[in-house]
Amino acid sequence: EQISVLTRLAVADLVGGGDAVPVFIDDALGFSDRGRIDRMNAVLDTLGRDHQIIVLTCDLDRFDGIAGATLVPMRQGLAQ
């Protein structure tokens, strides 16, 4: 599961060629333990500085370690 997310992020980084590339991650890391989630949050935090990473999830705690993240609830997104 983590390799799938890492591969997608690596491809986005390569394809972008230095430009920002949006990456969508849909409810990933559901089968990961807390240690792996924390390490993936660090990766997402680092790559999120250069790319727009959009994570769709029903478990906010899973991604609470991403320091630069902005939370947008679905009902807020739908109201716009």
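The values are calculated or read from the model by the stated rules, or taken from the named source; none is laboratory data. As the structure is a prediction and not an experimental result, all values here were calculated from the model. Glycine gets a Cβ as well: all are built from the backbone with ideal geometry, and neighbour counts include every protein chain shown. In case anyone asks, the SASA skips ligands and DNA or RNA and just uses the protein heavy atoms, side chains included. Shrake-Rupley method; radii C 1.70, N 1.55, O 1.52, S 1.80 Å.
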* In what order, largest first, do Ile25, Ile3 sit by accessible area if the probe radius is 1.4 Å? -> Ile3, Ile25
* To do: Would you grab the residues whose amide H sits under 5 Å from the one on Ser32? Only those 5+ places off in sequence or on another chain, please, with H modelled 1.01 Å from N.
  => none
* Structure fact -> Counting only residues 5 or more apart in sequence or on a different chain, those whose built amide H sits under 5 Å from that of Val23 are Gln52, Ile53, Ile54
* Just subtract the alpha-carbon distance of Asp27 and Gln52 from 0.36 nm times their residue separation and send over the number in nm, one decimal. => 7.4 nm
* Taking the Cα centre of the chain as origin, work out the dipole magnitude from +1 charges on Lys and Arg Cβ and -1 charges on Asp and Glu Cβ, in debye rounded to 20. => 40 debye
* Asked: What ³J(HN,Hα) values, in whole Hz, does the Karplus curve 6.51 cos²θ - 1.76 cosθ + 1.60 give for the range 5-11 when θ = phi - 60°, with x put for Gly and Pro?
  -> 5, 4, 5, 4, 5, 5, 5
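In deg cm²/dmol and to the nearest 500, what is the mean residue ellipticity at 222 nm of the chain if only DSSP H runs of at least 4 residues count, each as -39500 (n - 2.57), divided by the residue total? Don't jump to the answer; show the numbers that get you there.
Details: 3 runs with 35 residues, N = 80.
For the chain, the value works out to -13500 deg cm²/dmol.
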* With DNA, RNA and ligands ignored, accessible area of Leu60 (1.4 Å probe; Å², nearest 10) -> 100 Å²
* Leu56 accessible area, assembled protein chains, probe 1.4 Å, Å² -> 80 Å²
* To do: Would you kindly derive the ³J(HN,Hα) couplings of the range 21-31 from the backbone phi angles with the Karplus curve 6.51 cos²θ - 1.76 cosθ + 1.60 (θ = phi - 60°), listing them in order in whole Hz, with x for Gly and Pro?
  => 10, x, 10, 9, 10, 9, 6, 7, 6, x, 10
* Tell me, what HN-Hα J-couplings in whole Hz come from the Karplus equation 6.51 cos²θ - 1.76 cosθ + 1.60 at θ = phi - 60° for each residue of the range 48-54, using x for Gly and Pro? -> x, 6, 10, 10, 8, 10, 10
* **Where trypsin sites (Lys or Arg not before Pro) fall in DSSP loop in the range 31-76, at most 16 other Cβ within 10 Å** => Arg49
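From the C-alpha gyration tensor of the chain, pull out the three semi-axes of the equivalent ellipsoid (sqrt of 5λ each), sorted largest to smallest, in whole Å. Walk me through the intermediate numbers first.
Values: eigenvalues 74, 62, 25 Å².
Those come to 19, 18, 11 Å.
Can you tell me, using C-alpha contacts under 8 Å and at least 6 residues apart, the relative contact order of the chain as a whole percent?
With pairs under 8 Å counted, the relative contact order is 32 percent.
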